[in-house]
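The values are calculated or read from the model by the stated rules, or taken from the named source; none is laboratory data. In this text the structure is predicted, and so the values were computed from the model without any measurement. When we count neighbours, we look across all protein chains shown, and the Cβ atoms used for this are built from the backbone with ideal geometry, even at glycine. Surface accessibility is based on the protein's heavy atoms, side chains included, excluding ligands, DNA and RNA. Shrake-Rupley method; radii C 1.70, N 1.55, O 1.52, S 1.80 Å.
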Amino acid sequence: MSARRSSGILLHPTSLDSRFGIGDLGPAADAFLQFLSESGQRWWQMLPLGPTGAGNSPYQSPSSFAGNPLLISPEVMAEEGFVDWAAIDPVRREPSSRADFGDVAAAKNRLFRIAFERFDRAGADFRRYLEREAHWLDDFALYLALEQENAGAEWNKWPVELATRNPEALAQARARLGNEIQFHQFVQYLFTRQWERLRARAGKLGIALIGDLPIYVAGNSADVWARPDLFELDELGQPRVVAGVPPDVFNPTDGQRWGNPLYKWPAHKAEGFAWWIARLRSCLEKVDLLRLDHFRGFEAYWEIPAESPTAAVGRWVLGPGADLLQAVHDALGGLPLIAEDLGIITPEVEKLRDAFDLPGMKVLQFAFSGGPGSSYLPHHHVKKCVVYTGTHDNDTTVGWLTATPEQAGQSPEHLRNERDFAARYVGPTREPMHWAINRLALQSVGEIAILPIQDVLGLGGDARMNKPGEAEGHWAWRLMPGQLDSESLSRLAEATFVSDRWNGWVPERLWTAEPRDR
């Protein structure tokens, strides 16, 4: 983190208003970078960039290293000559505030097949890419080819010689499925080309990228299939114990049972945490700063018996702690990480975070239910933190302010007291309450402030990205064309300037602007 005050916007690329049914890395991403630049922002924060998994969640990816093919822009493919312009017409979709993942995946896959058939696989750039990424790409491409051959079954349901990675069976599979393996390698090559293009454009505008690394990987993934010895599995490849958190603010009865297999940490330590180092290095080749999801799980994690239907039953188990972070620090020459230190945080977690000088997170939606002493209130913030109005797991600020007790899962009295205290803390204002809270985030002493784009635009709960504990129906929200309007840009620019977070040269108009009606 830079010691210079700065700010940014949380918006996953799938939420951009691209013309092909889901946000992508093409013109809509370029336009959003321009929005960030003109409003004085330094950061674009995103969710995990890998292929989505169960429930379309980016936190349940089939690979820790791969990019999401749905983010590949058909327009950029045509610009670069991978397909003719006419070929992208069938992929176009009418504007929609919700992404249809299945429809988009099928349409884009047909386009990728067209591009693959005309692609020169002997080209030097492609060969260099295959060599550079072989440490994960070979297994990932084979995994996808085998999954298709086995009608989408989970890897531990494949023929036993493939599930257990018998060398002779794998060699036969590579020979049998060679063309399909190359197809999946080609799709990742397209993603990487377009991602590098986006990052170069961001760099020219002075915009840095914040990524997100889930602590756990999906059980049905190339990661677990390729290295089952690094996970707590039984002889059939099934998890013995799974990940989650005990009852919390999001689910006070059952907790959150995520279902991911847990790590066999002694095996990781015996290898000098090489798998983790490779994973983090790969992510940091794409972004400038990385949010480390569920940081408290590195100090101690909630272990749930695999047969338990909820997370209410489980136990805390010590994690790898300083051993892992020191190994990563030594290998990468630093730790450009944000510690997601939300939830049940103990002094031991804080000690681990502070020992490696990692910034934590302050979420304002958590600030108003604990009275004046809440550590989430701005007057208790420290410089070494990243301040948010809310995250992808929260309701939008407008949704949070207007939700019914049933929608919020809180008692009427709790909601009334929380909102009353928020109004008292903000004080008299004639601007919308969500913007008053945006200003609190920007005016914090925290070095970085991040606003979800939904809060900049004042969108209600129907624009929420995710609700923890619900497996279906999330991650699909998108911007509509024209929603990033000049009024939103102007208000964000002014609030960024007066909070001393402007990135780069400040336009003269901001020094002489008339005060807004507040």
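General remarks:
- Taking segment 499-518 as the range and being open to solvent by 80 Å² or more (accessible area, probe 1.4 Å) and of a type in the set (A, V, I, L, M, F, W, C) as the test, the residues that pass are W505, W511.
- Picking from residues in segment 11-56 that are hydroxyl-bearing (S, T, Y) and open to solvent by 10 Å² or more (accessible area, probe 1.4 Å), the one that is farthest from the chain's Cα centre (by Cα) is S37.
- For segment 203-210, the count of residues that are part of a helix (DSSP H, G or I) and open to solvent by 10 Å² or more (accessible area, probe 1.4 Å) is at least one.
- Matching residues, segment 98-131, being assigned to a helix (DSSP H, G or I), farther than 20 Å from E75 by Cα and touching a residue at least 24 places away in the same chain (Cβ under 8 Å): F126, Y129, L130
- Residues that are part of a loop (DSSP other than H, G, I, E, B) and in contact with a Pro (Cβ under 6 Å, 6 or more places away or on another chain) within segment 438-457 comprise just one, S444.
- Note on segment 346-437: enclosed helices (runs of 4 or more DSSP H) holding 3 or more residues that are open to solvent by 60 Å² or more (accessible area, probe 1.4 Å) are 347-355, 412-426.
- Flag if E472 is under 22 Å from G23 (Cβ atoms), of a type outside the set (S, T, Y) and at pLDDT below 95: yes
- Residues that are hydrophobic (A, V, I, L, M, F, W, C) and closer than 15 Å to S73 by Cβ were ranked within segment 179-201; the one that is most open to solvent (accessible area, probe 1.4 Å) is A200.
- Pair list, Cβ < 7 Å and 6+ apart or interchain, from segment 443-458 residues that are farther than 9 Å from V386 by Cα to residues that are in a loop (DSSP other than H, G, I, E, B) and among the basic types (K, R): V445/K383
- Filtered by the rule that a residue be aliphatic (A, V, I, L, M), surrounded by 18 or more Cβ atoms within 10 Å (Cβ to Cβ) and modelled with pLDDT under 95, segment 246-296 gives no residues.
- Test for S97: is it of a type in the set (G, A, S), within 30 Å of V386 (Cβ to Cβ), modelled with pLDDT of 95 or more and crowded, with 24+ Cβ neighbours inside 10 Å: no
- Residue among L111, L144 that is within 29 Å of L236 (Cβ to Cβ), of a type outside the set (S, T, Y) and crowded, with 19+ Cβ neighbours inside 10 Å: L144
- Selection within segment 326-341 - of a type in the set (A, V, I, L, M) and either open to solvent by 40 Å² or more (accessible area, probe 1.4 Å) or farther than 25 Å from S282 by Cα (or both): A331, L332
- Residue within segment 229-241 that is farther than 20 Å from E340 by Cβ, in a loop (DSSP other than H, G, I, E, B), free of Cβ contacts under 8 Å to residues at least 24 places away in the same chain and not polar (S, T, N, Q) present: yes
- Checking segment 394-402 against the condition returns no match, with no residue being under 22 Å from E447 (Cβ atoms) and of a type in the set (D, E, K, R).
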